[in-house]
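Structure record follows, encoded as structure tokens.
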Ligand SMILES: Nc1ncnc2c1ncn2[C@@H]1O[C@H](COP(=O)(O)OP(=O)(O)OP(=O)(O)O)[C@@H](O)[C@H]1O
């Protein structure tokens, strides 16, 4: 299906508002045309009556056309106002719909498929591209539909008075409404596509630079990065200049054609007057209405232009949304049952596009309530276990079960109900300590929050801060030290109190004493049936677990208890 057909399907729920908006837009334009049409006639007829002596003046009924002029003026204002309200409301609703639709499709792809995209690019697609797709009704469909309907009416009405003037009007409207906008769009197509691609790259670059500004400075690359962005900006500006020049030229040409057509219509009407087939009062009426008719084709070059942008934006959004999720969604989602034992049998797992198996012939059994340390060299496959458990990635060989349910029949939401993770690459949210704790457990009382902070050895720090739980931690927790941030993540997990807790290097960045206090408090506070899987390179931490499993080249080996 083409991007436009797919957009047409998405736009269906707002078709009633679209239709009302179109009717109002047509009313406003017709009222504008009627206003100039009637005013032109009224002025000329009044002047002729004025020159015709007292009998003609008395015979001339000024009131009826004056009422008509007021009617058209009022309808024009009201219809334009209501049209703005209805069409903008429809547009905002449509944008919301496009965003909700794309989010629904993107969510199952996280994080494996989305990890292959640049975050700035994703942000741009999700914000600007969906915004542009949402403009398709207001900025493209509405002007085209309104122009088509109004032009037919204008030409028909003009034809009732002068066939030749109607022909001139029809030809000029066709030229300004289709040929000039099409030619402009064709000439600027390359620049339009370039802008889309370059903006795409620039936004992704900008996001990366903002996130890694410190690292760029450490590497002494800040100036070259600045220059790189400035160059991209220059390219985009040059493309924009070209488009604006073409659009300005098209507008000029349309104005010239509109004026020439009004002059030609006046000349033809004058000829008809001399031939006795048209009254003198109709001459300015046709000239003025000829000018008014061009109002509806004015926005069309910009509409053609935007059509190109919408096509590019829709293609980009659909391209991301159509990617199949890395892990197929189970037809029927199962729920693990007690006891929540984890069992891998001859498991083989390879990351997409990777040459090597991250896990191979892996056998592992962890019973609920056990405290197990996972040790082993870097790259052995320890963190891969988390990716598998949360169904971020799929396994290709062997079997895996959790709580007597095949892992292929569960999804991340189900697993998150049973497992809490303190990951190596954790993320804290902008805002306060309280907000971050509430995200983990929206129903947590203040007392429970303090207890979780106590266990995570962060209560002393929080108490010492004047704002306490409302202490702001900055974007990603930048106002906290690495160790404090990690302990806040531990507090989040404690607050959730899941049946399983996976700690990936929980004490990294902590001094020996805090490390001991943290682990002791954690082990003492957790209910005995809580399973702990602790991934660590630290022998002291591994020694606190019931048993140690060594991970080597994607296989699990029992290594007994640490001394
Ligand atoms: N997203 C990914 N795509 C492709 N390969 C990956 C991905 N993540 C990990 N790998 C590969 O899988 C293997 C196991 O990685 P994993 O992260 O599980 O190691 P680890 O034991 O946790 O290492 P560390 O102790 O350094 O965290 C490595 O060879 C790694 O290169």
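None of the figures in this text is laboratory data; all of them are computed from the coordinates on show. Given the structure is predicted, the values throughout are model-derived calculations rather than measurements. Glycine gets a Cβ as well: all are built from the backbone with ideal geometry, and neighbour counts include every protein chain shown.
Listed values, structure above:
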| item | result |
| --- | --- |
| Estimated inter-spin distance, residue 435 and residue 511, nm [label 7 Å along Cα→Cβ] | 3.1 nm |
| Isotropically averaged projected area of segment 297-428, using the convex hull of Cα atoms (one quarter of hull area), nm² | 12.8 nm² |
| Residues 545, 213 arranged by fewest to most Cβ contacts within 10 Å | 213, 545 |
| Cβ-based exposure ranking for 350, 315, in which fewest neighbours within 10 Å come first | 315, 350 |
| Helix-only CD estimate at 222 nm, as mean residue ellipticity for the chain, using -39500 (n - 2.57) per DSSP H run (n ≥ 4) | -19500 deg cm²/dmol |
| Square roots of five times the Cα gyration tensor eigenvalues for segment 3-322, Å | 51, 22, 16 |
| Normalised contact order of segment 342-561, rounded percent, pairs of Cα under 8 Å and 6 or more residues apart | 31 percent |
| Per principal axis, descending, Cα span of segment 50-134 in whole Å | 88, 19, 11 |
| Exposure proxy ranking, count of Cβ atoms within 10 Å, fewest first, for 215, 553 | 215, 553 |
| Radius of gyration and maximum dimension Dmax of segment 163-275, Cα, Å | 24.4, 86 |
| Cα convex hull of segment 193-333 - mean projected area over all directions, nm² | 16.8 nm² |
| Efficiency of FRET between residue 117 and residue 64 - r from beta-carbon atoms, R0 41 angstrom, step 0.05 | 0.05 |
| Spin-label pair residue 211/residue 84, simplified geometry with 7 Å Cα→Cβ offset, distance in nm | 4.1 nm |
| Relative contact order for the chain, counting Cα pairs under 8 Å that sit 6 or more residues apart, in percent | 15 percent |
| Segment 1-148 - Rg over Rh from alpha carbon coordinates, Kirkwood radius | 1.30 |
| Calculated on alpha-carbon atoms, Rg and Dmax of the chain in Å | 35.2, 123 |
| Förster radius 56 Å - calculated FRET efficiency between residue 446 and residue 2, Cβ distance, rounded to 0.05 | 0.50 |
| Cα convex hull volume per residue for segment 311-350 (Å³) | 123 Å³ |
| Segment 342-561: Cα Rg divided by the 2.2 N^0.38 Å rule of thumb | 1.03 |
